[in-house]
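Data first, discussion second: the structure below is written as structure tokens.
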Amino acid sequence: MTDSLSNRLDRALQALPRNHPGPGGAVAVVRAGEVLVRHAWGWANAERRIPFTPSSLFRMCSITKQFTCAAVLESVPDPTELDADVRARLPDLDGPAPGLLRLCHNQSGLRDYWAVAMLHGAPTESPFGDLEAARVIAGTRSLQFRPGTRYSYCNQNFRLLSEILEARTGRSFAEILRERVLAPTGMAGAVLAADTRALPDGGEGYEGTQATGFRAAENRILWTGDAGLGATLDDMIAWERHIDATRDDPGAIYARLSAPVAFADGTPAAYGFGLGRSVEFGRAATGHGGALRGWRSHRIHLAAERLSVVVLFNHLSDAAAAALDLVAAVLGEARPKPDPALPAPAWLGAYLDPETGLSARIDSAAPGQVRLRFGHSAERLDLRPDGTAGNGRTRLAAGGDGLRMHRPQENQTARLVPIAGPAATDVAGRYRSAELGAELTVVDAGGTLYGGFSGFLGQGRMELLEPVGGDVWALPCPRALDHTPPGDWTLAFRRGGDGRVAGVTVGCWLARGLDYPRVG
């Protein structure tokens, strides 16, 4: 490592705990098989004063998904042989079921089960285990898009993968994962930590901020192939070194995981086998993030540079941003910044996407940026001199036919429909989804509208509705079983011939297109 690289990394490491304050964290930088950084700070458990070290067990959350796909590829030479197993787990589904590879690529069309659980009234810290998961998944009657045509993040895709492997082999997923993936790659300390209530070595995840204070986060989910991996920083270093050591072997695990994938129409896909594909600093990158209440992680690999970065936070700071800062330090490049001199565009406002039925709210953010509230979480898009705005994943562009939203990672382009006028207030009532057997209640409480969901998992809390415009409102979901939560639910009310509200279409990016006729 050169002196200049060492100095850049030293500065980046010194800044990390201040830029991303919290109880503790750990980072690794691996280049050409050499460990340039192996560093941890703070506390794995602040109350018990257990230090955060490179051997502290950490909830990898959705980083698990690539390991689940690796277990599939290492166990089954032809994954399409398991297509019928997917169909068997969706007994009530009308129409064709997705094939197993569509699950691996998040192209299944299934609605995310943790988002759907909120529609069933699940309280934020309620238990959600095998029985609850089985009921939500088996109750699927429709898909939100035809398999292979679009991308949407869906956690139970990967739970189904692990359950199908268990049923086919007669062995636990923990055994399969250990034998097929963890042991061969040298991840000696990694385990399947399915119960999110506690880690074996006492590590905790924390909610809160430096300003408001931190408290141990309460989670009661039982998960498997979707997010159950527990691993140390040293385990992740072993994974990254294995990737580099096998880089020239087309049959190696990571070579198969990171191979190009496509949608059904042949369009290249930006997600496959539990890995996101992106371009960072002009280089092709693969990686994934992980998040649960109290936990944030990110790993990224730039094959052309033989560079890997891993970031682990036991708090809710932005691990992806921290990882990119470390990549920038290694490459000696600066992360791009918006141009603050560019004026706000004339097309700010509220819109509806006709295909998904979701609202798209666009307003000014920091100078040179706009904020888009449409997907899983709010996005910041940099304004461009040509009048467009983008962030490498989403692009907004105005033209003669209106405002278009391009989301190539989802294989979708939409012409957004403006929502005109103030939001209508005569929408209070009871609405019921026949598909879910669940209800939405909207109440006028002293001249202010609130809404809440209920179903077999309980009675969800009432939330203050946010007006979007016309017959469209948003029901916020800032806390949920999973983290990041579903975000805002779009409530698109519809009216009958008499002008009265007859029903509502409910959806968020993770689970959309659900019809709730008015029942009272």
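The values are calculated or read from the model by the stated rules, or taken from the named source; none is laboratory data. Remember, it's a predicted structure, so these values are computed and weren't measured experimentally. Glycine gets a Cβ as well: all are built from the backbone with ideal geometry, and neighbour counts include every protein chain shown. Protein only, heavy atoms only, side chains kept; ligands, DNA and RNA dropped before computing areas. Shrake-Rupley method; radii C 1.70, N 1.55, O 1.52, S 1.80 Å.
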Please identify the pairs in which a residue from segment 62-90 that is in contact (Cβ under 8 Å) with a residue 60 or more places away in the chain has its Cβ atom under 9 Å from the Cβ atom of a residue that is of a type in the set (Val, Ile, Thr) and open to solvent by 30 Å² or more (accessible area, probe 1.4 Å), counting only partners at least 6 apart or on another chain. Ser75/Thr169
Scanning segment 135-149 residue by residue, the ones that are farther than 22 Å from Gly451 by Cβ and under 21 Å from the mean Cα position of the chain (by Cα) total 8
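Looking at segment 466-488, which of the residues that are free of Cβ contacts under 8 Å to residues at least 40 places away in the same chain and touching a Pro at 6+ places or on another chain (Cβ under 8 Å) is farthest from Ala122 (Cα to Cα)?
Taking segment 466-488 first, the residues free of Cβ contacts under 8 Å to residues at least 40 places away in the same chain are 466, 475-476, 478.
Then keep just the ones that are touching a Pro at 6+ places or on another chain (Cβ under 8 Å); that gives 466, 478.
Numbers: Glu466: 21, Pro478: 14 Å.
Checked segment 466-488; the qualifying residue farthest from Ala122 (Cα to Cα) is Glu466.
When you check Arg241 against the structure, is it open to solvent by 60 Å² or more (accessible area, probe 1.4 Å), free of Cβ contacts under 8 Å to residues at least 40 places away in the same chain and not in a loop (DSSP other than H, G, I, E, B), yes or no?
Answer is no for this residue.
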If only one of Ala414, Ala423 is within 28 Å of the chain's Cα centre (by Cα), aliphatic (A, V, I, L, M) and surrounded by 14 or more Cβ atoms within 10 Å (Cβ to Cβ), which one is it? Ala414
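Among the listed residues Ser126, Ser108, Ser142, identify the single one that is among the hydroxyl-bearing types (Ser, Thr, Tyr) and in contact with a Cys (Cβ under 9 Å, 6 or more places away or on another chain). Full working, then the answer.
Numbers: Ser126 fails: in contact with a Cys (Cβ under 9 Å, 6 or more places away or on another chain); Ser142 fails: in contact with a Cys (Cβ under 9 Å, 6 or more places away or on another chain).
Only one candidate qualifies: Ser108.
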Scanning segment 271-286 for residues that are in a loop (DSSP other than H, G, I, E, B) and buried (at least 18 other Cβ atoms within 10 Å of the Cβ), which turns out farthest from the chain's Cα centre (by Cα)? Phe273
Could you list, in sequence order, the residues of segment 439-455 that are open to solvent by 50 Å² or more (accessible area, probe 1.4 Å), of a type outside the set (Val, Ile, Thr) and part of a strand (DSSP E or B)? Asp444, Tyr450
Scanning segment 377-389 for residues that are open to solvent by less than 50 Å² (accessible area, probe 1.4 Å) and in contact (Cβ under 8 Å) with a residue 12 or more places away in the chain, the one nearest to the chain's Cα centre (by Cα) turns out to be Glu379
Can you find a residue in segment 257-266 that is open to solvent by less than 50 Å² (accessible area, probe 1.4 Å) and in contact with an Asp or Glu (Cβ under 9 Å, 6 or more places away or on another chain)? no
Report yes if some residue within segment 501-510 is within 13 Å of Met118 (Cβ to Cβ) and either free of Cβ contacts under 8 Å to residues at least 12 places away in the same chain or of a type in the set (Ser, Thr, Tyr) (or both); otherwise report no. no
What pairs can you find where one residue is in segment 38-49 and touching a residue at least 12 places away in the same chain (Cβ under 8 Å), the other is open to solvent by 100 Å² or more (accessible area, probe 1.4 Å) and part of a loop (DSSP other than H, G, I, E, B), and their Cβ atoms are less than 7 Å apart, with a gap of 6+ or different chains? Trp43/Arg49
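Take the residues in segment 23-67 that are of a type in the set (D, E, K, R) and outside any strand (DSSP E or B); name whichever of them is least open to solvent (accessible area, probe 1.4 Å). Walk me through how you get there before you give the answer.
Filtering segment 23-67 for residues of a type in the set (D, E, K, R) gives 31, 34, 38, 47-49, 59, 65.
When the remaining residues are screened for being outside any strand (DSSP E or B), the result is 47-49, 65.
Numbers: Glu47: 116, Arg48: 159, Arg49: 182, Lys65: 0 Å².
So the residue we want is Lys65.
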Does segment 364-371 include one or more residues that are open to solvent by 20 Å² or more (accessible area, probe 1.4 Å) and of a type in the set (Ser, Thr, Tyr)? yes
Quick check on segment 335-370: of everything there that is of a type in the set (D, E, K, R) and in a loop (DSSP other than H, G, I, E, B), which residue is nearest to Pro422 (Cα to Cα)? Asp353
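Restricting to segment 297-318, name every residue that is outside any strand (DSSP E or B) and free of Cβ contacts under 8 Å to residues at least 60 places away in the same chain. Show your work before the answer.
Taking segment 297-318 first, the residues outside any strand (DSSP E or B) are 303-306, 314-318.
Result: Ala303, Ala304.
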Residue count for segment 338-358, restricted to those that are open to solvent by less than 80 Å² (accessible area, probe 1.4 Å) and charged (D, E, K, R): 2
Quick check on my filter: what residues within segment 392-402 are at pLDDT below 95, part of a loop (DSSP other than H, G, I, E, B) and either of a type in the set (S, T, N, Q) or surrounded by fewer than 16 Cβ atoms within 10 Å (Cβ to Cβ) (or both)? Gly392, Gly400, Asp401
Restricting segment 456-496 to residues that are assigned to a strand (DSSP E or B) and on the phi > 0 side of the Ramachandran plot, which is surrounded by the most Cβ atoms within 10 Å (Cβ to Cβ)? Gly469
Across segment 141-156, what is the number of residues that are crowded, with 20+ Cβ neighbours inside 10 Å and polar (S, T, N, Q)? 4
Looking only at segment 159-199, filter to residues that are surrounded by fewer than 15 Cβ atoms within 10 Å (Cβ to Cβ) and of a type in the set (A, V, I, L, M, F, W, C); which one of those is modelled with the lowest pLDDT? Ala198
Find the residue count for segment 4-22, including only residues that are within 28 Å of Glu207 (Cα to Cα), surrounded by 13 or more Cβ atoms within 10 Å (Cβ to Cβ) and not hydrophobic (A, V, I, L, M, F, W, C). 5
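For segment 68-91: of the residues being in a loop (DSSP other than H, G, I, E, B) and farther than 21 Å from Gly148 by Cβ, which is most open to solvent (accessible area, probe 1.4 Å)? Steps first, please.
Narrowing segment 68-91 to residues in a loop (DSSP other than H, G, I, E, B): 76-78, 89-91.
Narrowing further to those that are farther than 21 Å from Gly148 by Cβ: 77, 91.
Details: Pro77: 127, Pro91: 86 Å².
Ranking the candidates gives Pro77 first.
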State whether the residues of segment 131-147 include one that is among the polar types (S, T, N, Q), out of contact with any strand residue (DSSP E or B) (no Cβ under 8 Å at 6 or more places or on another chain) and over 26 Å from Thr356 (Cβ atoms). no
